[in-house]
1. Could you list, in sequence order, all residues of region 120-148 that are within 25 Å of residue 192 (Cα to Cα), touching a residue at least 60 places away in the same chain (Cβ under 8 Å) and more than 12 Å from the chain's Cα centre (by Cα)?
2. Could you look through region 26-47, keep only residues that are over 16 Å from residue 81 (Cβ atoms) and surrounded by 14 or more Cβ atoms within 10 Å (Cβ to Cβ), and pick out the one that is farthest from the chain's Cα centre (by Cα)?
3. Inside region 99-136, can you point out the residues that are outside any loop (DSSP other than H, G, I, E, B), out of contact with any helix residue (DSSP H, G or I) (no Cβ under 8 Å at 6 or more places or on another chain) and surrounded by 17 or more Cβ atoms within 10 Å (Cβ to Cβ)?
4. Looking for something in a loop (DSSP other than H, G, I, E, B), under 20 Å from the mean Cα position of the chain (by Cα) and without any contact (Cβ under 8 Å) to a residue 40 or more places away in the chain - is there at least one such residue anywhere in region 149-159?
5. Tally up the residues in region 201-232 that are outside any helix (DSSP H, G or I) and within 16 Å of residue 167 (Cβ to Cβ), please.
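Read-outs throughout are calculated quantities, based only on the coordinates presented, and are distinct from any laboratory measurement. These numbers were taken from a predicted model, which means no experiment stands behind them. Ideal geometry is used to build each Cβ from the backbone, glycine not excepted, and the neighbour counts take in all protein chains shown.
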């Protein structure tokens, strides 16, 4: 008897809560976008356009029951620079949207093809008319293959992605190395922010060893010989620094 009565009370309570939810309306939309890396590819205005299908779907004033959170999340994720989106509503009538952006770590610049960003996982992102990220530039006759994710998944391509991520994660070299040129044979040359030296890096092999030698050049050789003493620094040969 008590079990039946308890079930009736529980059912009535659930029905009451569901009715209260149905009676609620969306009063405000709060958009939070992750700008941790100073990337502004996604704006609040664009997010609002996406969830409302450019204003064709009414969100403010809509009933809670008419709002499908998964549908709104999928709309936001359709933006090429959105990595993750979460949408939820509270009991006060607020619809909260949290957006994480894709983070490019390099930009491929081609004279005979489209420019593209490279993400840290090797994913390729087309450029944006709304914002330009300040990242490592990559050009050269061999750079086109770096715009394809499958290249970075190959045995040949993975070392190139490792090098790009190394430069992005190391504060000193991120500030110093401005541009890579990838030749058709896969060799890499580097251009620096400070100084006019061209760095002949070769293939992306023994990366940490090469940068240790390059740091010796900057900290021990240049202060002694002068910043304008050399035009090229060759790191291609094992355990050697050849200055020209």
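1. 131
2. Of everything passing the filter in region 26-47, 26 is farthest from the chain's Cα centre (by Cα).
3. The first filter runs over region 99-136 and keeps only residues outside any loop (DSSP other than H, G, I, E, B), leaving 99-101, 104-108, 116-119, 124-126, 136.
Filter once more, keeping what is out of contact with any helix residue (DSSP H, G or I) (no Cβ under 8 Å at 6 or more places or on another chain): 100-101, 104, 107, 117, 119, 125-126.
The answer is 101, 104, 107, 117, 119, 125.
4. Filtering region 149-159 down to residues in a loop (DSSP other than H, G, I, E, B) leaves 153-157.
Those still in the list that are under 20 Å from the mean Cα position of the chain (by Cα) too: 153, 157.
So of that shortlist, the ones also without any contact (Cβ under 8 Å) to a residue 40 or more places away in the chain come out as 153, 157.
Scanning region 149-159 turns up at least one residue that is in a loop (DSSP other than H, G, I, E, B), under 20 Å from the mean Cα position of the chain (by Cα) and without any contact (Cβ under 8 Å) to a residue 40 or more places away in the chain.
5. Step one: of region 201-232, the residues outside any helix (DSSP H, G or I) are 201-206, 226-232.
This time we only want the ones that are within 16 Å of residue 167 (Cβ to Cβ), so: 201-206.
The number of residues fulfilling the criteria is 6.
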